[in-house]
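Take a look at the structure set out below.
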Amino acid sequence: MIRKSLSLIIFLCIAAFTAQPAVVDADSSAPSQTISSAELNTEVLDFLDREIAAHLNDIKSYDPAPPRVLGAGATGEYTWGTFMNAVGAYAELSGKRELGTRSLAHEIGQIGLLEERLGGTRFSQLYGVLALRRLGTDLNTNPVWQQLSDAERARWRKFLDVSAFYDPKTQRVINLPENYLGVAARIASISYRLGLLKDRELLDGVITRAARPFMNGGLYADDAPPTGRFDRYSNEYARFVWNAAEEAGRQDILDAVGPSLKSQMRVWWDLILPDGYGYAWGRSMGAISYEDTMEIVGFLASHPQFRPAPLPQLASAYYQAWRWLRHDYNDKSHMLSVFAFGRGNYSYITPEREWQQTTSFMGKAALAHELFMRAMTNEKVSTFPAEIQRSNVARFEFFRRSDQAAGRQAGVWLVRNGPLYFSLPITTGTKPGVADYLPAPYGLRGFANPVEQVYPSMTPFIELEDGRVIAATDGADEIKPDVDGHGLRAVWRRWAVIGAKAGDLVDPGITAEVLWHFDGAALTRDETLKSSHLMTVRRWWVAVPTTATRSSLIDGAAGRRSDRLTTDRGDLAVAVNSDWPLKVSVLATGNSALGRGAREAIPLHLVYETQNLRLDPGKPEHWTMTVTVEGMEH
C-alpha cells in the first residue's frame, strides 16, 4: 500500500529552493575536459586569501573570544585550534606573514593562549603544534614564539602537553577511541622536533604503541578493539603514525606501517566515487570525506611510493573533491552548508561547531594544496583530466580474517562496473544497527543512509518473541568472496542486539546466509533464514532509503514487488521476492532525521515488513532483493 503524505509535498517545495552541492556521476560532464594546474592553483589561493581574511576580520578579540564568528557557533570542541591550524597552513602555503592588518604569527599565538584557557586537548593540541611549526622549526627565530612573553610560552607548553589525554605509563589514550593514539604520536613527535618535549623515551613509547596495529603484518587498525570497527579512521591513523615516525626518525616504524599504507591507499582508490567522495560509510562523512580526498592526495603527492594511480589521475580526484567543497561553500555566509535542509551529521557536530567545520576545510585544503602543487610542479603536470579515470573493480578486502576474541571477520566488498559502483563493508558500528555501518552498498546511485540512525537500511531487523531486536551486522561469522569478485557470501549465527553495546553478540537460534552478486548494472541480495527450533518472529522489516523524489509501481503480483525510484541522475529499480507475504509502503521523510543524508536529502524510503513470521527448523525461509541502476545520465 502506498501512503501519500503531505510531508512529501512540503519536502519537495523546500528542497526546490534549497541549494545543495552537486553529487555527480562518472559521465555527467565532458570526458575530454582538462584542468589547468596553474588555474586551479590560482583558484585555491584566491579563495583562501579572501576567506581567511573574512574570518579573521570578524574576530575582534580572543579574550574574551566571540561565541559566534560570521554568525556561526564558535564555542564547540576543537573550534579555535582548528582555526589556528587554518591560519598556520595558510601562512606556510602563501608565504605571507600578514593578511590585511593582521599579523598571522600574532593570531596563532593568541589562539594558542585561548585554547590553553579553554583546556583544549587532542586535535586542538595537534592543530596548535602544527600551526607553530609551520612558521619555523627553530623557536629562536619562529615569529609566533618570539612574540610571546616567558609566561605565555609557559602556557603554550602546558597547552601542548600530550599527557592531557595520553598516559605514558599505561601507554593508553584516556577514555578515547584508538585513533587518538595517532594524534598523540604526532603531537609528541612535532613537540620533540621543536624542543618543547625533551623526553625521548615518552616520544618513542607513544609512537611504538601507536604502531602496534601494524606490527606483525597488520594492515588495518580497529578503532574500537576488539569489536572490529574499521572505517576512514584506519587510513588517517596510518598516515598519522607514518608522519610521527618520519618526524622522529623511526625507520623501524616506517618499515612496519609502509605495507599498511600501500594497501589502504589501494582501497581508498577503489572505493572513491566519481565526485571525489571517499569513504562512504562510517561516522565522519559528508564534507569530511571530500576533505579526506584532498588530504590523501596531498600525502600521496609527497609519498609517491604509496600511490595507487599516477599523479594526474590523483589530481582528478583532488579537483573533484575541491569542486564539491567549493560548491558547498556559501560565499555570502562564508560557511560550508553543514546544517542545510536534508543534511545529516553525527551528534557531536553541534551548531556550536558549525564554524569549526568550515575552518577545518580551510586548514586541510591549505595543507593539502601546498603538498599537491609542489608535486605537480616538480613532476611537470600542467594539465589533468577533470573526471576521475577509474577502471572496473570487483574484489573483497579483508580487514580481519580470523575470529579473534570477541571480534570476528570483517572487510569491504569493492565494486565498480560501469554505472554500478559501491562499497559494501562488513564491520562494526558505533552502536548496533546504526545505518552508517550496516552491510549495505554505500555509494550506490540513488541509495543513501540516514545519518546516525538505528534503522534497517538495506539490512533487515528482526524482532524476536522476547522483544529483542537483532540485526546481521557487527562483522560476520563467515565471509567468503567469489574468486572473480563478482559475488560474496556471508553467514551470521551470532547477531547484534539493537540497544546493546557494539560488539556484544547473541545466538538466537537463527542463521542468516546472505549471497550478494552483481550482473551488469544489477546488484542482488539473496538471503536464507534457518532456525534451530520452532519460533515466531514478531516483526521482520527492511528499508531502501533513496534520494529519489518519485516512486512508481512496476509489478505488485503476489510474492513479488517491483518499484522504480526516480532521481535527477537516473532511476533505481527495486525488485523483491519473498517466501512470506510482505506489506510494502513508501515513506515520505519530510524534515525528519530519516530524511537527512551525509551529502543530500533522502526524501523517500521503500519499506518492506511482515509480522508473525513462522520459522520452522525443517523449512528455510528465503527472500531476494535486486536493485538495478537505470537511465545513466551522460
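The values are calculated or read from the model by the stated rules, or taken from the named source; none is laboratory data. Since the structure is predicted, the reported quantities are computational estimates derived from the model, not experimental observations. Methodologically, a virtual Cβ is constructed for each residue, glycine included, from the backbone with ideal geometry; neighbour enumeration extends over all protein chains shown.
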Task: Selected residue [outside any loop (DSSP other than H, G, I, E, B) and more than 16 Å from GLU600 (Cα to Cα)] from LEU325, LEU314 - done: LEU314
Task: Residues of the stretch 443-457 satisfying the condition of being assigned to a strand (DSSP E or B) and either surrounded by fewer than 22 Cβ atoms within 10 Å (Cβ to Cβ) or at pLDDT below 95 (or both) - done: VAL454
Open item on the list: Against the definition (in contact with a Leu (Cβ under 8 Å, 6 or more places away or on another chain), among the polar types (S, T, N, Q), surrounded by 18 or more Cβ atoms within 10 Å (Cβ to Cβ) and touching a residue at least 24 places away in the same chain (Cβ under 8 Å)), how does SER234 come out, yes or no?
Closed with: no
- [ ] Please state which one of TYR166, TYR127 is crowded, with 20+ Cβ neighbours inside 10 Å and in contact with a Gly (Cβ under 9 Å, 6 or more places away or on another chain).
- [x] TYR127
TODO: State whether one or more residues within the stretch 421-442 are in a loop (DSSP other than H, G, I, E, B), surrounded by fewer than 24 Cβ atoms within 10 Å (Cβ to Cβ), in contact (Cβ under 8 Å) with a residue 24 or more places away in the chain and at positive phi.
DONE: no
Open item on the list: For the structure I just gave you, tell me whether THR121 is assigned to a loop (DSSP other than H, G, I, E, B), out of contact with any His (no Cβ under 8 Å at 6 or more places or on another chain) and buried (at least 22 other Cβ atoms within 10 Å of the Cβ).
Closed with: yes
- [ ] Go through ARG102, ARG117 for me and flag whichever is over 19 Å from LEU367 (Cα atoms) and touching an Asp or Glu at 6+ places or on another chain (Cβ under 9 Å).
- [x] ARG117
Task: Index of the failed condition, ARG186 passing every other in (1) under 28 Å from GLU397 (Cβ atoms); (2) among the charged types (D, E, K, R); (3) out of contact with any Phe, Trp or Tyr (no Cβ under 6 Å at 6 or more places or on another chain); (4) part of a helix (DSSP H, G or I) - done: (3)
Task: Inter-residue pairs, beta-carbon under 7 Å, first closer than 20 Å to THR350 by Cβ and in the stretch 75-88, second of a type in the set (D, E, K, R), 6+ apart - done: THR75/GLU352; GLY76/GLU352; GLY76/ARG353; GLU77/ARG353; THR79/ARG353; TRP80/GLU115; GLY81/GLU115
Task: Tabulated pairs, the stretch 583-601, first farther than 21 Å from VAL434 by Cβ and in contact (Cβ under 8 Å) with a residue 12 or more places away in the chain, second part of a loop (DSSP other than H, G, I, E, B) and small (Gly, Ala, Ser), C-beta under 7 angstrom, 6+ apart or interchain - done: ALA588/SER5
Task: LEU181 assigned to a loop (DSSP other than H, G, I, E, B) and either of a type in the set (Ser, Thr, Tyr) or surrounded by 20 or more Cβ atoms within 10 Å (Cβ to Cβ) (or both) - done: no
Task: Counted residues, the stretch 98-127 - those being under 22 Å from ARG186 (Cβ atoms) and of a type in the set (S, T, N, Q) - done: 3
- [ ] Can you give me the number of residues within the stretch 124-157 that are of a type outside the set (D, E, K, R), assigned to a helix (DSSP H, G or I) and within 31 Å of the chain's Cα centre (by Cα)?
- [x] 9
TODO: With respect to ASP526, determine if the residue is on the phi < 0 side of the Ramachandran plot, of a type outside the set (Gly, Ala, Ser) and either free of Cβ contacts under 8 Å to residues at least 60 places away in the same chain or in contact with a Ser or Thr (Cβ under 8 Å, 6 or more places away or on another chain) (or both).
DONE: yes
Open item on the list: Against the conditions (1) in a helix (DSSP H, G or I); (2) over 25 Å from LEU45 (Cβ atoms), where does PHE372 fall short? Just the number, please.
Closed with: (2)
- [ ] State whether the residues of the stretch 480-492 include one that is without any contact (Cβ under 8 Å) to a residue 40 or more places away in the chain and under 18 Å from ARG539 (Cα atoms).
- [x] no
- [ ] Would you kindly identify the strands (runs of 3 or more DSSP E) lying entirely within the stretch 495-547 that contain at least 3 residues that are under 16 Å from GLY618 (Cβ atoms)?
- [x] 522-531
Task: Residue that is in contact with a strand residue (DSSP E or B) (Cβ under 7 Å, 6 or more places away or on another chain) and either closer than 30 Å to PRO419 by Cα or modelled with pLDDT of 95 or more (or both), where the choices are GLY509, GLY499 - done: GLY509
Task: Residues (of a type outside the set (Val, Ile, Thr) and either modelled with pLDDT under 95 or surrounded by 24 or more Cβ atoms within 10 Å (Cβ to Cβ) (or both)) located in the stretch 81-108 - done: GLY81, PHE83, MET84, ASN85, ALA86, GLY88, ALA89, TYR90, ALA91, GLY100, LEU104, ALA105
Task: Residue count, the stretch 595-622 (criterion: among the hydrophobic types (A, V, I, L, M, F, W, C) and touching an Asp or Glu at 6+ places or on another chain (Cβ under 9 Å)) - done: 4
TODO: Spot the failing condition for GLY276; the list is (1) within 17 Å of ILE35 (Cβ to Cβ); (2) under 14 Å from the mean Cα position of the chain (by Cα); (3) not in a loop (DSSP other than H, G, I, E, B), and only one is missed.
DONE: (3)
- [ ] Report yes if some residue within the stretch 56-64 is in a helix (DSSP H, G or I), surrounded by 17 or more Cβ atoms within 10 Å (Cβ to Cβ) and under 26 Å from the mean Cα position of the chain (by Cα); otherwise report no.
- [x] no
TODO: Restrict the check to the stretch 293-301 and report whether at least one residue is surrounded by fewer than 21 Cβ atoms within 10 Å (Cβ to Cβ) and under 17 Å from the mean Cα position of the chain (by Cα).
DONE: no
